[in-house]
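Visitor: Have a look at this one.
The numbers here are math on the coordinates, done by the rules we state, and not lab data. Fair warning: this is a prediction, and the values are worked out from it, not measured in the lab. All Cβ positions, glycine included, derive from the backbone under ideal geometry; neighbour counts span all protein chains shown.
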Amino acid sequence: MLSWAIGFFIVAIIAAIFGFTGLAGAAAGIAKVLFFLFLIAFIVSLVMGYRGRGGPGGTPPAV
């Protein structure tokens, strides 16, 4: 998902250079939405991975 956000960001930069302001704005908007979706997914996976490991105060993993 991050690669899609980066791709749309590059499209927005190229479109802005050539003066396609409508296309640049749309691509930048899509890139922004995808970036925030990636960020939320990253934070959720970090929290779930931390909880699954049995962090502080949890039961220790069986050996």
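Visitor: Residues of the range 1-18 with backbone nitrogen within less than 20 Å of a virtual label 7 Å along the Cα-to-Cβ line of Ile40, please, listed as ranges.
Guide: 1-9
Visitor: Consider all pairwise Cα distances in the range 2-52 and report the whole-number % of them above 13 Å.
Guide: Roughly 59 percent, rounded to a whole number.
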